[in-house]
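For reference, the structure discussed in these notes is given below.
Values in this text are rule-based calculations from the coordinates and carry no lab data. On a predicted model such as this, the values are computed, not experimentally measured, just so you know. Positions of Cβ are backbone-derived with ideal geometry, glycine not excepted, and every protein chain shown enters the neighbour counts.
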Amino acid sequence: MPGGGLLQRAWGAASNAAQKTAGAITGGAKMVGDGIVSGAKAAGNAVVTGAKTVGNAAVTGAKAVGNAAVTGAKAVGNAAVAVKDGVKEGVRGATRAVADAGYNAVGAGKDALDSGAKRVSDAYGKAKEYFTGKPPAQPCIACTGKDVDHDGAIFGYVNGKCVPLTQKGQEVTRADIENAKKSGYNPSSPTHSAYDPDRPDDPTRNTSQATKDCCAKCTEGKPPRTIFYVNGINTTRTTHCETLKQLGDMTCATVVGVYNATEGFAKDAQQTSKDRRLIREAAAGKKDLTTDGRNPAVNTLSDLVVAERESGRPVEIFAHSQGGAVTSLALYDANNTLKAGSPSPNAGLDENVKVTSFGSAAPQWVSGPKYTHYVHVNDATPMVFGLGDNPQNHAKYAGGGNVVTFSGERGQAADFETNGKNLDKHWLPGMTEYHGIDDDLYFKAYQQQNRNTGDTCGCGKNK
């Protein structure tokens, strides 16, 4: 992956710095501790001698001195702990800055290469067409990965199978959206739940009767709910479909996929870098966000949001990882479109657009929608490239939304820790082990936060 060495060196340097700093703190604390002990011994001997000479008055004085020494020792110890915690936060913050800068540099370099390559390709194509009278052949989309020909497509479930409902590059119409909302995964539907007769025992491909019954009970008397889901980096079409089912089983809502196709980790990472750059440009006030090479899923989601809001309907979006960057950019784009089409100064997105992000790579979000952002403090994607865990950054960049920071291990029976003072932060966040969008990590955190809100039914794995 271009720039991969830079990121690895950044991680390594930060790790070495953390280890050296921790060693220095430990050594310094030991020296301070040894000095306190030596001083206490000397003071103690002097106190004993003085006590023999001056009697009870000296003993009383010794007690006072002793209490003061203990208090001082505690203060020194507390200070050492505070210094260690401060250094850990410094290392994590430095890692975020270095890695983010490196990642942005990789993206800028990739944009420059893409731009140059496109100019060369366009010139070649025009020359070929001029001399041969035939237009240049189009690139083989499938040759770059089987899933790419569905990039930006809307997905749903038809007759038990997860299928694309639109095509790549297709402008999404209101009719497409209505069809998608009728065809999204729904565990309570006989035709839009999951069923695979060839693999009837596979829980990822079949909706269990227990889940159907649970959802029927949970949704009784409630209005219909539709969630649009945008997946993250390096996600195959199969995995995208499995997540639609997980999300539908958990919420008992109709779930429609906006597929952010993968071309492999390296190319996906480069695409994420471009998405993040465009988000920053949008946040700085740029109105025309249409550029060559923009993620097709951005266009689909932006069209979808505009169409639904112009029709007066609310929109609910869930997004994971790179899907958060896709969603953020799409919302900036939709907000610009809605404002441009209305003379009202209050035009644009509002709380009728509800967004839940998990481990998002988006550095910033447009104001207006109602947001909840989930950030595992040891997940590198949101910690390095997204909102992080700094409340000051949340106030500036979270779009006015709520940021749920938490810590904990995959599969643990106990609830995740969400109290900021008690979060278990590692010296450096991990790249993948705390990034899963599943029932053992981010979906578990969502269910934990929404036990009493009615937004989750828990009819999947974690009831």
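Where does the charge balance sit around residue 223 when Lys and Arg score +1, Asp and Glu -1, over other residues with C-beta under 15 Å from its C-beta?
+2
Restricting to Cα pairs below 8 Å that are 6+ residues apart, what does the relative contact order work out to for region 144-449? Please round to a whole percent.
So the answer I get is 14 percent.
Provide the FRET efficiency to the nearest 0.05 for the residue 238-residue 453 pair, computing r from the beta carbons and using R0 = 41 Å.
0.85
From the mean inverse distance of alpha carbon pairs (Kirkwood) and the Cα radius of gyration, derive Rg over Rh for region 161-310.
Ratio of gyration radius to Kirkwood radius: 1.01.
Could you quote the convex hull projected area for region 144-449, Cα atoms only and averaged over all directions, in nm²?
For region 144-449, averaging the hull's shadow over all directions gives 16.2 nm².
Summing +1 for each Lys or Arg and -1 for each Asp or Glu, what net charge is found among the other residues whose Cβ lies under 13 Å from the Cβ of residue 282?
After counting each charged neighbour, the total is +4.
Pulled fully out, how much extra length does the chain show between residue 414 and residue 216, if you take 0.36 nm times their separation in residues and subtract their Cα-Cα distance?
68.5 nm
Quick check: residue separation of residue 198 and residue 339 times 0.36 nm, minus the Cα distance between them. What number comes out in nm?
Additional length available on full extension: 45.8 nm.
When ranked by the protection proxy of mean other Cβ atoms within 10 Å per residue, highest first, what sequence do the peptides 305-311, 359-365 form?
Those peptides, ordered most packed to least, come out 359-365, 305-311.
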